[in-house]
Structure formats: C-alpha cells, structure tokens
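Notes follow the structure.
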Protein chains: 2
Amino acid sequence: MNEEEFLEWLFRRFGLSISGPGDDCAVLPGGLCVTVDSVVEGKEFGKETEGFWVGYKAGAVSLSDLAAMGARAEGLLCAAVVPPHRRSQVRELVDGLVAACCRVGAKLLGGDYATGTQRLVLTTVALGHSNRPVPRSGAEPGMVVCVTGALGGSILGKHLSFRPKVEEGVALSRLGVAAMIDISDGLLLDAWRICRASRVGMVFRRESIPVSAAARQLSRKSRKSPLQHALSDGEDFELLFCCERSVYERARNIIVPLFLIGEVVEEPGLWIEDSGGRRRVEPWGYVHGGD
Amino acid sequence: MNEEEFLEWLFRRFGLSISGPGDDCAVLPGGLCVTVDSVVEGKEFGKETEGFWVGYKAGAVSLSDLAAMGARAEGLLCAAVVPPHRRSQVRELVDGLVAACCRVGAKLLGGDYATGTQRLVLTTVALGHSNRPVPRSGAEPGMVVCVTGALGGSILGKHLSFRPKVEEGVALSRLGVAAMIDISDGLLLDAWRICRASRVGMVFRRESIPVSAAARQLSRKSRKSPLQHALSDGEDFELLFCCERSVYERARNIIVPLFLIGEVVEEPGLWIEDSGGRRRVEPWGYVHGGD
C-alpha cells in the first residue's frame with residue numbers, strides 16, 4: 001500500500017474533513033487548514049545532511065502544503081524522533097524549523113521529543129487559515145495551467161532550501177485560481193493528481209515548460225534530458241495551478257516568476273505538444289512514441 | 001538533552017504560543033488547542049503490540065493532552081512511518097486511530113504515510129477548542145489536589161487502552177479548576193511539573209492516593225509496593241488538577257471517580273503525609289527517610 005492508496009482508503013472510509021481526499025491540507029470549519037508530514041533520514045534527506053537543513057526542510061514541506069491550499073501560514077509544530085548520532089544537533093534542527101517559519105511569517109508553536117529509532121524522523125504540523133481554500137478538484141476544460149518556477153534537478157540543493165510559496169499561494173487563492181497543488185513528486189505526477197481530482201486532462205506546450213539550471217546541470221551526468229528532469233523530478237515545491245485566462249492575466253502582474261505551460265482539456269490524460277504534434281505522456285514520465 | 005530540556009529550551013528561545021512553556025497543548029488565539037506526540041515501537045509499545053492498539057494509543061495520547069487543557073476534542077491527524085514488518089497492519093492502525101477518536105467525539109481528518117525506519121513511528125496531532133484553557137501554572141497554596149482515577153500498573157494494559165478523559169477535562173475547565181495535567185510520567189513527576197510551573201509545593205495524604213488493582217497485581221512480581229507503583233508508574237493518563245475546595249465539592253457530583261489526594265502548599269517540594277508524619281519525596285519516587 002503506497003501513500004496514495006493509504007490516503008484514498010483512509011478518506012474513503014473516514015472522509016471527515018470538508019476538503020476532498022488527497023487535498024494538501026485538511027480544512028476545518030472557519031477555514032482552518034492543517035497538514036502533517038514526516039521526513040525520514042535516508043529518504044527525504046541524507047545521513048550527512050546538516051541538522052539545520054533537515055529542520056528547515058521538515059518545516060518547509062508542511063508550510064508548502066498550506067501554500068498549495070492558498071492558506072496563510074500561522075503556526076508550526078514539530079515532533080522529533082532523534083537517534084543517537086543526531087542528539088547533538090537538536091538546536092540546529094530547531095533553528096532550521098524556525099528559519100522555515102520566518103520565511104513565511106509563521107511561528108513555531110511547540111514540539112515533542114522522542115527517541116527509539118536509528119534514523120531521524122521529523123514530523124511537522126502546519127496550521128493556517130484560508131478564506132478560500134483551493135482544492136485539487138476545481139480544474140475545468142479551457143483553463144490554463146501555470147507554474148510558479150523553473151523545474152527539475154532539485155536534488156542538487158533546492159529540495160532542502162526551497163522557499164514555501166505561501167505568499168504566492170495566498171495571492172492566487174484571492175485571485176480565484178480553481179485548482180492548485182505543490183509539486184512534490186514531479187510536474188507530471190502532480191499534474192495528474194489535479195486531473196484525477198478534477199476529471200480532466202492537460203496538454204503541456206513543450207517549449208513553455210520552464211527548465212531549471214539545475215535540471216540542465218544534472219542532465220550532464222544523468223541519462224535524461226533537462227526536459228525529462230523538469231517533467232519528472234520531485235521536490236521543487238513550486239505551485240502548479242489551473243485558472244481562467246483572465247485570472248492568469250492578473251496573476252502575472254503580481255507573481256514573478258510565473259509560467260503558463262499548458263491548458264486543461266476534457267479528455268482525461270496528459271499530453272505534450274510541440275511543432276511535431278501532440279504526444280501522450282504517462283504521469284511517471286514515459287512518453288508514448290517519444291524518443 | 002531530554003524532552004523537558006528540549007522543550008524548555010525551545011520555548012525559552014521561541015515561546016510564541018500564548019500558553020506557557022511545557023503546557024500540554026499550544027493555545028492559539030480563539031482558544032484553538034493543538035498538540036503533537038510521537039509513539040515509537042520499542043518505547044511506547046512493543047514489536048508484538050497489535051496494530052489496532054498501536055493506533056489507538058497513538059491517538060489517545062494526543063487526545064489526552066487536549067483533555068489536560070480542558071479542550072473539546074475535534075480532530076486528529078496522523079503521520080505514520082511504517083517499517084516492512086508493519087506494512088500489512090496499516091488498516092488496523094487506522095482503525096485504532098478512529099476508535100480513539102470515537103471515544104471522545106473527535107474526527108480523523110487526515111494523514112501522511114512514509115517509510116524508511118525499522119521501527120514504527122506514529123505521530124499524532126490533536127486539535128480542539130477550549131473557552132478556558134487550563135494551564136499548569138495556576139495552582140495556589142490552600143487549593144486541593146485531585147485525580148480522576150486509580151493509579152499504577154498501567155503497563156499491564158491500561159497504557160494501551162485508556163480512555164482519554166476529555167469529557168472530564170472539559171467539565172473541570174468549566175467548573176474553574178486552576179491547574180491541570182494528564183499523568184503520563186507518574187503522579188509525582190507530573191505533580192512536580194504543576195508545582196514548578198505554579199511555584200508551589202504539594203502534600204499528599206498517603207491513605208488517599210487511589211491505588212489501582214493493576215498496581216497491586218504488579219507489586220506481587222516487582223520489588224515495589226502498590227503505593228510505589230501508584231506514585232511513580234507512568235501512562236495512566238488520568239487527570240491531575242488543583243482547585244479551590246468549593247470547586248472540588250461541585251466536581252465530585254459530576255465526575256466519577258474523583259479522588260481528593262492532597263493539598264497545595266507554599267513551600268516548593270513534594271511531601272507524603274500519614275499518621276507517622278510528613279516526609280519529603282522526590283519527583284522520581286525516592287522517599288527521604290522512607291523504608
């Protein structure tokens with residue numbers, strides 16, 4: 001059972017939040033948004049990753065979920081399970097948590113400290129409010145698809161030091177975007193989550209997808225093209241959203257950078273379009289008939 | 001650095017909640033109470049503990065923190081880090097979480113699923129509201145000290161299956177109790193936390209301390225007396241509180257069982273009193289001049 005299956009099952013059985021299954025936060029009456037995420041040593045960060053950046057990432061990951069709902073970031077709590085080799089780094093962990101909070105105007109509210117594992121586990125809870133929580137399920141055919149930054153190669157550093165785009169998320173919520181997610185598992189996979197929740201498809205224009213410098217750098221050593229990195233790499237934590245074109249026109253004056261990368265279509269699925277035509281692509285990056 | 005030191009340091013540096021350092025929940029404007037706790041395999045439960053009871057305990061521990069603040073229990077979130085040998089038990093874990101919620105009228109709001117450790121880690125977040133959050137710091141000399149149930153020997157079963165005393169906590173908050181905590185680390189140690197936060201001491205009447213059947217059962221095999229178990233065993237999750245005697249007189253008509261076990265005194269410290277006099281006792285259970 002993977003996370004998607006787990007969450008789907010959990011929400012099918014006990015779907016008690018007023019938000020939909022798989023949304024980035026639970027939304028309570030009054031617009032209170034709450035989210036919880038764990039980062040685990042050896043998965044989301046390495047054994048050698050500095051304590052400060054572990055704390056920073058743990059906080060930023062949850063705060064990014066608030067951003068994806070269009071919620072202000074207000075508070076953060078952290079439960080730490082600290083193995084022996086990390087005991088001397090607790091202060092740095094907390095400094096990192098506080099730094100992530102500072103970057104988005106949130107406050108560290110409290111914590112829990114435990115031991116008993118060989119790997120560091122930090123679980124963070126982010127709290128905030130949204131007057132207009134943006135679900136994943138609001139995309140409609142004809143809307144445009146946009147992203148708030150260049151993609152790919154986050155493993156070279158951005159996966160630890162990214163700024164949660166809370167400010168942008170709040171602004172986009174106010175402007176009236178219809179569906180939003182933060183890109184944690186790759187553009188295509190997270191786009192597919194919006195498609196599935198909204199029962200639509202998306203067509204991306206190949207030349208419009210913003211490829212990061214890190215994606216180009218990584219492609220020199222990997223066997224993938226920079227574009228493949230931009231399509232499939234995870235942990236960029238940029239916001240991916242769908243909205244009416246008029247909303248995009250207003251948003252582009254407020255949010256920089258902002259890239260219009262495609263449009264929402266009726267038929268479920270993902271496509272990439274260039275001068276050579278339109279080719280179907282799988283959420284995990286496989287391009288049908290591609291090279 | 002132990003949890004107390006960690007939390008003290010954390011709150012001294014970043015004491016941003018309107019509640020005091022070391023309170024059971026962070027309290028936000030509007031009376032929103034939030035708490036986070038991790039339970040770790042090999043520490044708070046065993047490798048053989050059934051998945052259902054692991055989930056139940058993880059939920060109940062956080063919900064008990066709401067009880068200790070006098071907050072209604074509204075929502076629970078859970079982040080699970082699931083090792084290979086527990087993968088087949090995810091449904092039972094969630095059933096346990098839901099059962100804990102059901103017992104106190106809360107709802108399971110969402111979750112996060114991760115892998116990467118050899119031991120199961122469940123981190124739960126409980127959310128609720130209190131019109132009158134009860135801190136640890138409100139005890140004053142002359143008040144009585146009470147507890148909501150018999151103590152000791154929870155390791156024989158109650159540490160997994162206890163009911164979080166949310167209903168009692170809410171009633172006690174309304175009645176106006178001055179200081180409250182849930183007994184997670186033993187009567188004396190948690191009493192000492194109230195004393196420290198309130199800058200007072202407590203005298204317990206030896207014959208008034210309610211000793212559980214489990215404490216008596218355990219003492220047949222341990223080298224401790226039933227009373228020692230009642231004073232020092234952790235994880236009973238009963239509520240320990242201080243209030244004016246008139247408040248106690250009203251509370252005893254509403255909350256059953258309820259035991260008046262001592263009184264608050266001005267001099268910081270803990271004492272146990274019986275027909276032989278008053279003897280000082282350390283928070284970890286050592287009785288000065290005791291046998």
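The values are calculated or read from the model by the stated rules, or taken from the named source; none is laboratory data. Computed from a predicted structure; not experimentally measured. Heads up, the Cβs are rebuilt from the backbone with ideal geometry, glycines too, and the neighbour counts pull from every protein chain shown. When the accessible area is computed, the model is the full protein with side chains, heavy atoms only, and any ligands, DNA or RNA have been set aside. Shrake-Rupley method; radii C 1.70, N 1.55, O 1.52, S 1.80 Å.
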Seminar exercise, completed: Scanning the stretch B:101-115 residue by residue, those within 30 Å of A:Lys47 (Cα to Cα) and surrounded by fewer than 19 Cβ atoms within 10 Å (Cβ to Cβ) turn out to be B:Thr115
For this session: Only residues in the stretch B:86-103 that are assigned by TED's automatic domain parsing to the domain that holds B:Glu41 count as the first member; pair them with residues that are hydroxyl-bearing (Ser, Thr, Tyr) and at pLDDT 90 or above, Cβ under 8 angstrom, at least 6 apart or cross-chain, and list the lot.
Result: B:Gly96/B:Tyr56; B:Leu97/B:Tyr56; B:Leu97/B:Thr124; B:Ala99/B:Tyr56; B:Ala100/B:Tyr56
Exercise. Somewhere in the stretch B:17-24, is a residue at pLDDT 85 or above and within 11 Å of chain A (Cβ to nearest Cβ)?
Worked result: no
For this session: Would you mind finding the one in B:Val98, B:Val61 that is among the β-branched types (Val, Ile, Thr), within 9 Å of chain A (Cβ to nearest Cβ) and either within 26 Å of B:Leu28 (Cα to Cα) or not in a helix (DSSP H, G or I) (or both)?
Result: B:Val98
Exercise. Is there any pair linking a residue in the stretch A:138-164 that is in the same structural domain as A:Gly269 (by TED's automatic domain parsing) to one that is of a type in the set (S, T, N, Q), with Cβ under 6 Å and at least six apart or on different chains, and which?
Worked result: A:Ala150/A:Ser212; A:Leu151/A:Ser212; A:Gly152/A:Ser212; A:Gly153/A:Ser212; A:Pro164/A:Ser64
Exercise. Do the conditions hold for B:Lys47, that is, is it open to solvent by 20 Å² or more (accessible area, probe 1.4 Å) and touching a Cys at 6+ places or on another chain (Cβ under 7 Å)?
Worked result: no
Exercise. Which of the residues belonging to the stretch A:145-202 are open to solvent by 10 Å² or more (accessible area, probe 1.4 Å), of a type outside the set (A, V, I, L, M, F, W, C) and more than 20 Å from A:Pro226 (Cα to Cα)?
Worked result: A:Ser161, A:Arg163, A:Lys165, A:Glu167, A:Glu168, A:Arg174, A:Gly176, A:Arg193, A:Arg196, A:Ser198, A:Arg199
For this session: Can you tell me which residue among B:Gln89, B:Gln118 is surrounded by fewer than 21 Cβ atoms within 10 Å (Cβ to Cβ) and touching a helix residue (DSSP H, G or I) at 6+ places or on another chain (Cβ under 6 Å)?
Result: B:Gln89
For this session: Check whether at least one residue in the stretch B:282-291 is modelled with pLDDT under 95 and part of a strand (DSSP E or B), and report yes or no.
Result: yes
Seminar exercise, completed: Out of (1) surrounded by fewer than 24 Cβ atoms within 10 Å (Cβ to Cβ); (2) out of contact with any His (no Cβ under 8 Å at 6 or more places or on another chain); (3) more than 10 Å from chain B (Cβ to nearest Cβ), the one A:Arg72 does not meet is (2)
For this session: Answer yes or no: is there a residue in the stretch B:231-250 that is assigned to a helix (DSSP H, G or I), touching a strand residue (DSSP E or B) at 6+ places or on another chain (Cβ under 7 Å), of a type in the set (A, V, I, L, M) and not assigned by TED's automatic domain parsing to the domain that holds B:Gly59.
Result: no
Problem set entry | Matching option when the condition is without any contact (Cβ under 8 Å) to a residue 60 or more places away in the chain and more than 14 Å from chain A (Cβ to nearest Cβ), among B:Asp185, B:Asp190 | B:Asp190
For this session: Kindly indicate whether any position in the stretch B:4-13 is within 22 Å of A:Ala80 (Cα to Cα) and modelled with pLDDT of 90 or more.
Result: no
Problem set entry | Selection from the stretch A:252-263 of residues that are within 19 Å of the chain's Cα centre (by Cα) and surrounded by 15 or more Cβ atoms within 10 Å (Cβ to Cβ) | A:Ile255, A:Leu258, A:Phe259, A:Leu260, A:Ile261, A:Gly262
